[in-house]
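Shown next, in structure tokens, is the structure this report addresses.
What follows is calculated from the coordinates using simple rules that are stated; it is not laboratory data. Just so we're clear, the structure is a prediction, and the values are computed from it rather than from any experiment. Cβ coordinates were reconstructed from backbone atoms using ideal geometry, including for glycine residues, and neighbour counts include every protein chain displayed.
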Amino acid sequence: MDDRYDPHAIEAKWQQEWAAQHLDRTDTDPRKPKFYALSMFPYPSGNLHMGHVRNYTITDVIARSRRMQGYRVLHPMGWDAFGLPAENAAIERGIHPHVWTQQNIQQMRQELQRLGLSYDWEREVTTCHPDYYRWTQWLFLEFFDAGLAYQKEAAVNWDPVDQTVLANEQVDSEGRSWRSGALVERKLLKQWFLKITAYAEQLLNDLDQLEGWPERVKLMQANWIGKSVGAYLEFPIVGSDETIAVFTTRPDTVYGVTYVVLAPEHPLTPKVTSARRRKTVEAFIASVQQESELERTAGDRPKRGVATGGKAINPFTGQEIPIWIADYVLYEYGTGAVMGVPAHDERDFEFATANKLPIKQVIAPPSGRTKQRLKAAYTEPGVLIESDRFTGMDSIAAKTAITEYAAAQGWGREQVQYRLRDWLISRQRYWGVPIPIIHCPQCGAVPVPREELPVLLPEDVEFSGRGPSPLAKLTAWREVPCPRCGSPAQRETDTMDTFIDSSWYYFRYADARNAAAPFDPAAIQEWLPVDQYVGGIEHAILHLLYSRFFTKFLRDRQLVSVSEPFQRLLTQGMVQGRTYKNPQTGKYVMPNQIADLSAPTDPETGDPLDIVYEKMSKSKYNGVAPSDVIEQYGADTARMFILFKAPPEKDLEWDDADVEGQFRFLNRVWRLVHTFKTQGGQLGQPLPSTLSKTEKELRRATHTAIKEVTDDLTGDYQLNTAVAELMKLSNALSNADCYTSGVYSEGVRTLLTLLAPFAPHISEDLWQQLGGNSSIHRQPWPTLDETALVADELTIVIQIMGKTRGTIQVPAGASQAELEAAAKHSDIGQRYLSGQVIKKVIVVPGKLVNFVLDA
């Protein structure tokens with residue numbers, strides 16, 4: 001046995017051996033309980049970053065430990081392979097997105113394998129392969145058949161130079177296009193949607209079922225869904241048969257409405273605009289189109305608006321009120337119109353004050369019950385004033401009463417509204433799933449027959465970065481006969497949002513090679529829900545919400561048997577690197593440009609630099625490549641550091657010294673096992689019938705490690721403290737010298753089996769060198785012997801006047817009187833109590849004896 005630890009040699013050896021043995025293939029033994037361990041699958045960007053390493057290592061430890069604990073484990077990996085970056089690469093590098101993506105997948109797969117991650121690669125899925133996106137299209141048609149996939153006009157980001165629609169991520173912080181640099185406009189275009197709002201109430205209520213999810217994630221989803229209970233009210237337009245519909249949670253304030261506001265994009269805007277105001281209104285709409293949604297709704301900027309010249313009628317008062325348009329009202333939210341109640345809404349107060357609009361108070365404080373001169377909006381509950389028949393009523397009760405009155409008069413009704421909007425899935429780009437719809441002049445939108453799926457992405461396309469999607473330019477691909485009537489028709493040239501792909505991939509893993517269906521319901525019954533899902537907090541809303549929506553819809557279509565996809569969720573913290581930043585300029589400085597890292601200064605300006613820890617990124621010059629760490633220390637060291645440095649849910653600060661510390665620990669384990677073997681130790685030696693004091697202490701350390709590591713791996717996954725327990729057991733073994741004892745053999749076996757999920761390569765190699773049976777990763781998890789935790793002796797602290805003076809060993813079952821006597825007659829007691837008058841003795845059983853002396 002070599003006493004030198006060579007991580008690269010043993011890692012290469014065992015990765016090949018495990019692959020040859022198909023060691024990580026999913027166990028399908030129905031006698032075992034199932035466990036589905038899943039990491040959020042990556043976009044194949046070409047290189048792993050430390051965030052990937054952390055996510056996948058956490059899940060791998062969970063998967064490996066569950067296998068050893070007797071579960072049949074599904075632990076798959078795949079690729080979220082469609083998306084904008086590949087299309088960018090096609091434009092910038094002159095390489096097809098498919099080629100670029102496949103190259104990246106191959107490279108990242110090799111990096112994942114180097115980490116020793118126990119994936120069942122036979123279940124690998126790639127979302128850009130036809131054998132996957134065929135079923136993505138099939139599922140889209142399920143939504144279409146159910147009436148939940150539909151087209152409507154929607155406001156989109158429009159690049160006026162390139163004449164194309166941009167996703168939100170293609171618009172920079174200044175509202176400019178990533179392609180042309182032009183200021184992005186808002187434009188109404190016909191787009192495809194999935195009706196997620198049909199499931200809003202279920203998505204909200206079923207959050208209570210997710211007991212294994214972080215509370216902050218559930219709160220974020222609840223806020224995103226944004227349920228509001230209020231009133232739907234209609235304000236007639238003067239000189240028209242049409243009405244302006246609004247939704248309000250404050251119907252108690254309706255007698256204080258002094259104006260209504262439409263979104264500039266609202267279809268009623270041109271209808272209510274007077275001839276005299278038309279140019280002004282059109283100019284304002286043009287200026288609003290230059291603003292992003294984020295800018296329009298920002299709370300810290302002035303609210304801009306103009307009068308249309310039109311008027312509406314407040315049906316409760318009969319009074320005419322002006323109709324305005326304003327940038328802060330979005331057509332996509334609610335009804336696209338709001339009623340202005342400046343006396344009782346802060347935003348309305350600000351807008352009315354700026355535009356000299358009337359402010360009418362209709363709620364007074366409970367104590368006052370009189371009209372006041374308002375310097376700010378009064379938004380608290382109170383008593384209604386100047387509200388006709390409702391005057392004097394409590395404002396809370398008035399909400400219901402006024403809503404019921406509006407319903408009786410035909411002006412409105414009670415309504416539940418959600419902040420959640422239907423999911424816009426159209427993307428005007430090439431590298432995505434083609435939407436399987438054919439547009440026929442006679443038949444309308446016609447689904448592609450399912451037997452003709454997949455609608456393949458054509459490969460011979462031009463990537464200019466200008467104009468519409470490449471698909472829209474392919475006449476031969478676009479022009480097809482209608483499947484229903486045979487008339488000349490056109491394919492849909494939009495592709496789907498890539499969130500569609502990631503909304504069902506966890507189902508496909510359960511039946512990844514099914515060529516007849518997206519999955520067999522029996523496979524879903526067997527494996528779903530995912531028992532442990534691990535991923536970044538950045539996906540707390542959209543990905544997780546869309547996945548929950550898909551699951552509930554597929555359940556209603558009787559395709560799956562579960563209502564929630566993920567039973568437990570762990571959102572791991574970010575990996576942060578040491579960063580050097582100039583506080584004067586806000587610029588980041590590369591470490592290799594700094595002369596003295598202990599007192600860093602900007603090499604250009606001489607300004608002192610701040611040293612902060614921020615999320616690793618190329619732009620901040622603080623990234624650490626996983627391949628560099630593996631090259632220097634090996635994969636097991638990288639895994640151990642990433643697990644030990646911080647609890648999984650907390651941010652992790654990268655520190656080279658701590659990486660070195662984990663490498664030294666693994667070297668100590670290597671030498672420890674080497675010494676055990678050379679001193680005649682063997683696995684499987686029986687425990688002696690009588691244990692020496694050293695053996696008792698070592699066995700207690702062994703079973704303490706079993707208890708603590710097991711708890712850490714089955715509770716809240718405190719993997720950092722689990723690693724600390726492994727270090728304690730290693731130290732206990734190093735301090736004992738009973739190498740040929742069965743107790744020492746038990747300790748070594750326990751150390752290696754507990755270490756195996758964390759550092760799989762070194763554990764396997766040492767196990768095999770000791771003659772272990774089969775793979776260590778197929779060994780049973782160590783069994784806890786509770787009796788081994790019971791100590792024969794305890795360490796008791798002796799205090800004099802509350803100050804610790806030393807410790808003594810006492811029998812574990814000693815009474816309070818025996819503890820007092822032992823402490824008094826010990827060397828420490830004799831030294832400090834001689835000649836003193838003891839006033840009082842405080843005994844805390846099992847912990848301390850404190851002597852209070854007479855002053």
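Of all lysines in the structure, the ones whose alpha carbon falls short of 17 Å from that of Lys620, not counting any fewer than 8 places away in one chain, are Lys581, Lys587. From zero up to wherever the largest Cα-Cα distance of segment 781-855 sits, split into 5 Å bins and tell me the percent of pairs in each. Once binned at 5 Å, the Cα pair distances of segment 781-855 give 3, 16, 27, 21, 12, 7, 5, 4, 3, 2, 1, 0.
Got the relative contact order for the chain handy, in percent, Cα pairs under 8 Å and 6 or more residues apart? Numbers along the way, then the final one.
On the way: 1581 pairs, mean separation 109.2, N = 855.
Averaging sequence separation for qualifying contacts and normalising by length gives 13 percent for the chain.
Across segment 39-186, the convex hull enclosing all Cα atoms gives 165 Å³ per residue.
How high is the relative contact order of segment 227-418, given as a whole-number percent (alpha carbon pairs under 8 Å, six or more residues apart)? It would help to have the intermediate numbers written out before the result.
Details: 397 pairs, mean separation 54.5, N = 192.
28 percent.
In a Debye calculation with equal point scatterers on the alpha-carbon sites of segment 227-418 and no solvent, what is log10 I(q)/I(0) at q = 0.14 Å⁻¹? Debye intensities relative to I(0), on a log10 scale: -0.78. Taking 0.36 nm per residue of separation and subtracting the current Cα-Cα distance, fully stretching the chain between Glu462 and Trp121 would add 119.4 nm.
Set the Förster distance to 51 Å, then compute FRET efficiency between Asp716 and Thr585 from the Cβ-Cβ distance, nearest 0.05.
Numbers: r = 42 Å, r/R0 = 0.82.
That pair, Asp716 with Thr585, gives E of 0.75.
Sequence-ordered 3J(HN,Hα) estimates for segment 804-821 from the Karplus curve with 6.51, -1.76 and 1.60 and θ = phi - 60° stand at 5, 10, x, 9, 9, 9, 9, x, 4, x, 5, 7, 4, 5, 5, 5, 4, 5 Hz, glycine and proline given as x. Cross-link check: pairs Lys227/Lys360; Lys615/Lys645; Lys279/Lys375; Lys218/Lys618 evaluated at a Cα-Cα cut-off of 24 Å; pairs beyond the cut-off: Lys227/Lys360; Lys279/Lys375; Lys218/Lys618. Only Cα sites of segment 1-77 enter the Debye sum here, all with the same form factor; the resulting log10 I(q)/I(0) across q = 0.21, 0.23, 0.26 1/Å is -1.10, -1.16, -1.21, listed in q order.
Which FRET efficiency value, to the nearest 0.05, is calculated for Lys824 and Thr694 with the Förster distance at 30 angstrom and r the Cβ-Cβ distance? The value I calculate is 0.55.
Amide H contacts for Gly212 (H built 1.01 Å from N in the peptide plane; partners 5 or more residues away or on another chain; cut-off under 5 Å): none found.
Given N residues in segment 532-597, what is its alpha carbon radius of gyration divided by 2.2 N^0.38 Å? Numbers along the way, then the final one.
Values: Rg = 21.3 Å, N = 66, 2.2 N^0.38 = 10.8 Å.
Output field value: 1.97.
When you work out D = kT/(6 pi eta Rh) for segment 617-742 at 20 °C and 1.002 mPa s, using the Kirkwood radius from C-alpha pairs as Rh and the Stokes-Einstein form, the result is 129 µm²/s.
For Lys650 and Lys728, calculate 0.36 nm times their separation in residues minus their Cα-Cα distance, and state this gained length in nm to one decimal.
Numbers: separation 78, 0.36 × 78 = 28.08 nm, distance 2.32 nm.
Gain on extension, Lys650 to Lys728, equals 25.8 nm.
The alpha carbon convex hull volume per residue for the chain rounds to 267 Å³. Going by alpha carbons, how many degrees (0 to 90, nearest 10) lie between the helix axis of 542-556 and the longest principal axis of the chain? Its long axis makes an angle of about 80 degrees. Kindly list the residues of segment 59-78 that lie in the label zone of Asp29, defined by a backbone N under 11 Å from the point 7 Å along the Cα-to-C-beta vector. Those under the cut-off are 68-73. Each residue, Arg555 and Thr807, gets one label point 7 Å from its Cα in the Cβ direction; the gap between the two is 5.3 nm.
Figure the gain on full extension for Val841 and Asp241 (residue separation times 0.36 nm, minus the Cα-Cα span) and round it to one decimal in nm. Intermediate values should be presented prior to the final figure.
Details: separation 600, 0.36 × 600 = 216.00 nm, distance 9.20 nm.
Once the chain is fully extended between Val841 and Asp241, it gains 206.8 nm.
Here the Karplus curve 6.51 cos²θ - 1.76 cosθ + 1.60, taken at θ = phi - 60°, turns the phi angles of segment 389-404 into couplings of 5, 9, 4, x, 7, 4, 5, 5, 5, 5, 4, 5, 5, 5, 5, 5 Hz, with x standing for Gly and Pro. For segment 674-789, dividing the convex hull volume of the Cα atoms by the residue count gives 96 Å³ per residue.
Summarising the label geometry, the points placed 7 Å from Cα in the beta-carbon direction at Gln769 and Lys271 lie 8.3 nm from one another.
Which stretch or stretches of segment 424-461 have amide N atoms under 15 Å from the point lying 7 Å from Ser487's Cα along the Cα→Cβ direction? Counting backbone N atoms under 15 Å from the label point, the list is 438-447. Between Asp520 and Tyr333, the simple label model (points 7 Å from Cα in the Cβ direction) yields a spacing of 5.0 nm. Where the centroid of each part is defined by its Cα atoms, how far is segment 807-845 from segment 729-780 in Å? What the calculation gives is 41 Å, centre to centre.
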